[in-house]
Amino acid sequence: MKRPELLLPAGSKEKLEYAIQYGADAVYLGMVDFSLRAMRKGELITLNNLKDCIDLAHSFGKKVYLTLNIFAYSNDINQMIECAEKINEAKPDAILFSDFGVYNVIKKYMSKIPIHVSTQTNILNYEAVRFWQDMGAERVVLSRDLSLKQIEEIKNKVPDMELEVFVHGAQCVSFSGRCLISDYMTKGERKANHGNCSQSCRWSYKLVEESREGELFDIQENERGTHILSPKDLALINYLPDLINVGIDSFKIEGRTKSLYYVSAVAKAYRRAIDEYMTTGKINEEANYEEIRKIGNRGYTTGFYLHKPDSEGYSYDISKGLAGADCLCVFMDKKDNLYKVLTKNKFLLNDEIEIITPDECFKAIVKRIIDEKGQEKEVLNTNDEFWIELSQRPKNHKYALARTIGVKNVR
């Protein structure tokens, strides 16, 4: 039985490193202007630091896939051609694309780089897979709109083609991510297929009746709310054995714009589930689900995997994912028994918190808080960089994070 690849998003160089340390076999990343998840703040991945990011992943023995999967206009093609030399120098392990023009650019100017076909091409059948195989692709990312039975048929028909499937993360209300709602609702200013989606499907909507101008009516379903287009997040962690047995080559996690904590925690959860099944032939479903509930989500669904989604697959009351557990701090340094941390959410002296590292997960009490002047404190506020002492210390503090205990915002 083949061990599948665990593929994590890398929205920044820091997230790339944490994703790998927490269990990713490979990461995918996109540069500003050519990606469907173009970051607009924080540390961006650009043409200037692309090689550094890829070199970092390669230094850990991991792979990097570059996403050039926008629906490109002619000016995008021209810009992409200008970037080709530096992309070649960066040596990504594959390029993902969806546009036929981009395909031609890759074949002409970046021909030595393997190609993977994006889910944006809506691959729903084995003949489409064979087509892209004939066109030189090494892998295709199947549409999210497929059931397990349909996925199995495709793998059986084209067993020598690598298949990648999404197993976790936010879902788009549109067909396999091809959406025009954002373009329409923003008068063309926020193009969903050009890396700038306004997430119109997450908006709260009201109803207007023609003869009652200005009078708005709530659209409600059992008083749950008016986010009528907002799907719950995909979570297939307890169905990984089915996909492993079918022979899926890569499990993909969505979330290049998500937090450092999200990337780390979801990588750790899925890494454990995969290794557990490959080692013992079974998984701990309750523990797996409890772990992903600690990650921000809109509620979870299996999408099209088991059956066609119904009204239970939508999140009517919220637009953004609610944290199951709050990330409290990131560990930065160590001095004797003290750890320097960067605070993400407020916590207090004597609080019991949960420490997670790539290799550990345990509870500890905050015994001391000390500021840079050496003064004792009773609280850590957001963005503080203070020193703390814990009742139990991690074996290795590098890449360690702290979070609240248990699950709040149960969904």
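For Leu342, put the label point 7 Å out on the Cα→Cβ axis and report which residues of segment 42-65 keep their amide N under 18 Å from it. Only 42-46, 53 fall inside the zone, counting backbone N under 18 Å.
For Lys408, the aspartates and glutamates whose Cα falls under 20 Å of its own Cα, not counting residues fewer than eight places away in the same chain, are Asp233, Glu285, Glu286, Glu290, Glu291, Asp317, Asp326, Asp351, Glu352, Glu354. The calculated FRET efficiency for the pair Asn350 and Asn238, based on their C-beta separation and a Förster distance of 35 Å, comes to about 0.45.
So between Ser391 and Asp371, what do we pick up on full extension, going 0.36 nm a residue minus the alpha carbon distance? Could the numbers behind the result be given before it?
On the way: separation 20, 0.36 × 20 = 7.20 nm, distance 1.85 nm.
Net length gain for the segment: 5.4 nm.
The slack in the chain from Arg130 to Asn383, taken as 0.36 nm per residue of separation less the alpha-carbon distance, amounts to 85.9 nm.
As a test of reading the structure, rank Arg271, Arg139, Arg368 by solvent-accessible area (1.4 Å probe, protein chains only), most first.
Working: Arg271 35, Arg139 10, Arg368 85 Å².
Putting Arg271, Arg139, Arg368 in descending order of accessible area: Arg368, Arg271, Arg139.
Each label was represented as a point 7 Å from its Cα along the Cα-to-Cβ direction; for Thr46 and Asn78 these points are 2.1 nm apart.
With θ taken as phi - 60° and the Karplus curve 6.51 cos²θ - 1.76 cosθ + 1.60 applied, the whole-hertz 3J(HN,Hα) list for segment 89-104 is 5, 6, 6, x, 7, 5, 10, 9, 9, 9, 9, 5, x, 5, 4, 5 Hz, x standing for glycine and proline.
As an exercise, use a Förster radius of 22 Å and the Cβ-Cβ distance of Ser59 and Met332 to find the FRET efficiency, rounded to the nearest 0.05.
Values: r = 21 Å, r/R0 = 0.96.
E(calc), rounded to 0.05, equals 0.55.
How large is the convex hull of the C-alpha atoms of segment 328-411 per residue, in Å³?
About 93 Å³ per residue, rounded to a whole number.
In the context of the full protein assembly, Phe131 retains an accessible surface of approximately 90 Å², using a probe radius of 1.4 Å and ignoring ligands and nucleic acids. Across segment 153-159, computed HN-Hα scalar couplings (Karplus, 6.51 cos²θ - 1.76 cosθ + 1.60, θ = phi - 60°) run 4, 4, 5, 5, 6, 10, x Hz from first to last residue, x flagging Gly and Pro.
Extending 7 Å from the Cα toward the beta-carbon at both Thr279 and Ser147 defines two label points whose distance is 3.5 nm. Is segment 44-106 best put as rounded, prolate or oblate by its Cα gyration tensor, with a ≥ b ≥ c the root eigenvalues, rounded for a/c under 1.5, and otherwise prolate when a/b is larger than b/c, oblate when not? Verdict is prolate for segment 44-106.
Under a 5 Å amide H cut-off, with hydrogens placed 1.01 Å from N, Thr67 pairs with Leu29, Gly30, Met31, Leu96 among residues at least 5 apart or on other chains.
Legend: residue pairs Lys334/Lys377; Lys268/Lys335; Lys294/Lys377; Lys232/Lys258; Lys51/Lys335, Cα-Cα distance threshold 22 Å; pairs beyond threshold, Lys268/Lys335; Lys294/Lys377; Lys51/Lys335.
Taking amide H as placed 1.01 Å from N in the peptide plane, the amide H of Leu322 sits under 5 Å from that of Asn297, Arg298, Gly299, each at least 5 places away or on another chain. Note on Lys258: accessible area approximately 50 square angstrom, rounded to 10, probe 1.4 Å, nucleic acids and ligands left out. Computed over protein heavy atoms with a 1.4 angstrom probe, the accessible surface ordering of Trp203, Trp132, largest first, is Trp203, Trp132. Rounded to whole numbers, the Karplus 3J(HN,Hα) couplings from phi for segment 6-19 are 9, 10, 10, x, 10, x, 7, 4, 5, 5, 4, 5, 5, 4 Hz, using 6.51 cos²θ - 1.76 cosθ + 1.60 with θ = phi - 60°, and x at Gly and Pro.
The values are calculated or read from the model by the stated rules, or taken from the named source; none is laboratory data. In this text the structure is predicted, and so the values were computed from the model without any measurement. Cβ coordinates were reconstructed from backbone atoms using ideal geometry, including for glycine residues, and neighbour counts include every protein chain displayed. SASA here: full protein model, heavy atoms, side chains in, ligands and nucleic acids out. Shrake-Rupley method; radii C 1.70, N 1.55, O 1.52, S 1.80 Å.
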